[in-house]
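The values are calculated or read from the model by the stated rules, or taken from the named source; none is laboratory data. Model, not experiment: these values are computed from the prediction. Glycine also receives a Cβ, built like all others from the backbone with ideal geometry; neighbour counts cover every protein chain displayed. Surface accessibility is based on the protein's heavy atoms, side chains included, excluding ligands, DNA and RNA. Shrake-Rupley method; radii C 1.70, N 1.55, O 1.52, S 1.80 Å.
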Amino acid sequence: MSNEQNPDDGRQPGHGFEPGSGGPAGALPPEAPEAPEPGPAPSPPAGSEGSEEASGRQRLRAGLWPPRVSRAQLIVALLLFVLGLGLAIQVRSNSDNSALRGARQEDLVRILDELDNRTQRLEDEKQRLDDQRTELENSSDQAEEARKQTLEKERQLGILAGTVAAHGPGITLTISDPAGAVEADMLLDTIQELRAAGAEAIEINGVRVVANTYFSGDGGELRVDGRKVESPYEFKVIGKPQDLEPALNIPGGVVQTLEKEQATAEVTRADDIVVDALRPPKQPDYARSSPQ
């Protein structure tokens, strides 16, 4: 083969240049740069879903606090508060645990009968006073009729004041207190229950009970108007037995209260009770009788 240069190629054998290349033919191309290693994903740009959620919370918080209360809203809130308070008081009063809520039907009937009897006694007293007025107005001898009524009134007031003896139907109440747990206020409650039931004369262990009677001392060392009384405490009471006995046995009444203190109360009806303990008449220091 000939080593002559081919006029058409324009290159030496083994040392030719590639067209458009900067180096000799057969030279390796420059190495390409290595691909960067994968890194963490870029954070989402502003305005993405997370940012929208955060800004929504901020707007909600800004809308709720500080609260913006108008005058009308304040008035409505005040009215609702007053209404709720009234309803709460009403519900509490209706649901109050009184002794009558757990009472049996027969106990409720007995209490109702007692109230009816008290009403009847008041009606009878009103009718009696009306009859006295009529007798005074129509009597031919008004002076004599007035004298009779005055004597009758004096006798009644003497019974109430304890200056005269009395007898009539009633009950005997005997309270036994072996533990000495009965207090003075329990005896006072008993007197008040008896008076409310229509008792007209009462005597306790030989002491006449009147309007200004007082009880003092502790359990086992009780005194009535300064006089010491000991268990058993015996009440002699003049009045209508059908009213007096139920008044002591009502639910939550005297008998149940005494039983809670380990005391016993026994009630006995009688057709004739004698109350003969007397109180000396006391002349008032300042009060004087009036013609009217």
Enumerate the lysines that residue 282 could reach by cross-link, defined here as Cα to Cα under 23 Å, with residues fewer than 8 away along the same chain left out. 153, 228
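How do 173, 157 stack up against each other in accessible area, from largest to smallest, with a 1.4 angstrom probe?
157, 173
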What is region 209-281 by shape, rounded, prolate or oblate, if you read a ≥ b ≥ c off the alpha carbon gyration tensor as root eigenvalues and call it rounded for a/c under 1.5, prolate for a/b larger than b/c, and oblate otherwise? oblate
Percentage relative contact order, region 135-292, counting C-alpha pairs under 8 Å, at least six apart: 35 percent
Using the Kirkwood formula over every pair of different C-alpha atoms, what hydrodynamic radius in Å results for region 162-292? 15.4 Å
Stretched fully, the stretch from residue 260 through residue 82 gains (0.36 nm per residue minus C-alpha distance, one decimal, in nm) 60.0 nm
Compute the Cα gyration tensor for region 119-221, then decide on rounded, prolate or oblate, letting a ≥ b ≥ c be the square roots of its eigenvalues: rounded whenever a/c is under 1.5, prolate when a/b is larger than b/c in the other cases, and oblate in all that remain. prolate
Charged-residue dipole, Cβ positions (Lys, Arg, Asp, Glu), region 194-292 about Cα centre, Debye nearest 20: 460 debye
Dipole magnitude of region 142-248 about its Cα centre (Cβ charges: Lys, Arg +1; Asp, Glu -1), debye to nearest 20: 460 debye
